[in-house]
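Shown next, in structure tokens, is the structure this report addresses.
The values are calculated or read from the model by the stated rules, or taken from the named source; none is laboratory data. Source: prediction; values computed, not measured. Ideal geometry is used to build each Cβ from the backbone, glycine not excepted, and the neighbour counts take in all protein chains shown. For the accessible areas, the whole protein counts, side chains as well, though only heavy atoms, and no ligand, DNA or RNA atoms are used. Shrake-Rupley method; radii C 1.70, N 1.55, O 1.52, S 1.80 Å.
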Amino acid sequence: TVINYLAKASMQLLERDQFISDLNVLFERIKNENGFIVSISGEAGIGKTTLIEHFTSSCKDQAQVLWGSCDDLFTPRPLAPLYDIANQINSKMAKQLDSGSPRPSIFSNFFKEIQNGIPKIIVIEDVHWADESTLDFIKFLGRRINKCRSLLIITYRDDEINSDHPLKLALSSLQSNYLKRIKLTPLSESAVNSLAATSGRIDSLLYEMTGGNPLLVTEVLSND
């Protein structure tokens, strides 16, 4: 319904303004200075993708947005996000991936690619599922991010990685002065009640049922 659509639209901005502002500041920085890395963490359904989509929609005319994802597979495909990204930039890298070229060559060619043209926003989602090759790529690019006009954004579910998860090691190897960490938290009870009111629903248990998880709130409201 229209009411439920409005509830979903409102969800994009509720209690996320500061994060959007932070991303916009970093984007202005990479346009004129050097690159930066942003890690966005939070539980499933917390709105990591929604936040990035809202941010990139406002600067897509000033940057090339390259988007890749890791998959929840028993045997993760090596460098899966790079396959996604290769289809968005050129055929040379896709051929390198398909032919099994050495990783250093693939990484170096990608780095050369993003140094050309307008600034780049490189998004790699669900890095908690990344294979070792993808984590190596993140470390490779992360250590050189200050030499290109690119914003590398990685997302992961922090409740699905333990202290010895390979991603922890990868993140610790990145240059802290070029890294910003964003942790998304659930919506407040006030925000949940506001969304409920927008959809014409009064439910004192909605916050308790959903824990303020934006996806769960949206699903409950849309199924009402």
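Grab the beta carbon distance between residue 160 and residue 188, set R0 = 22 Å, and tell me the FRET efficiency rounded to 0.05.
On the way: r = 24 Å, r/R0 = 1.08.
Calculated transfer efficiency: 0.40.
The residues neighbouring residue 132, those whose beta-carbon lies less than 15 Å from its own, together hold a net charge of 0 under the Lys/Arg +1, Asp/Glu -1 convention.
Among 176-182, 34-40, sorting by the average number of other beta carbon atoms lying within 10 angstrom of each residue, highest first, gives 34-40, 176-182.
Cross-link partners of residue 120 among lysines, defined as those whose alpha carbon lies under 22 angstrom from its own and excluding same-chain residues fewer than eight positions apart: 31, 48, 60, 92, 95, 112, 139, 147, 180.
Sort 60-66, 187-193 by the packing proxy (mean of other Cβ within 10 Å over each peptide's residues), most packed first.
Numbers: 60-66: 15.4, 187-193: 17.9.
With the highest mean Cβ count within 10 Å placed first, the list reads 187-193, 60-66.
Run lengths n ≥ 4 of DSSP H only: what is the helix-derived mean residue ellipticity at 222 nm for the chain, with -39500 (n - 2.57) per run over all residues, to the nearest 500?
On the way: 11 runs with 111 residues, N = 224.
Computed mean residue ellipticity for the chain: -14500 deg cm²/dmol.
Taking Cα extents along the principal axes in Å as calculated from this structure, the corresponding entry among (1) 58, 40, 32; (2) 48, 37, 34; (3) 66, 46, 39 is (1). Counting only protein heavy atoms and a probe of 1.4 Å, the accessible surface of the chain is 49% carbon and sulfur.
What accessible area per residue comes out for the stretch 114-224, rounded to a whole number of Å², with a 1.4 Å probe?
I get 47 Å² per residue for this part.
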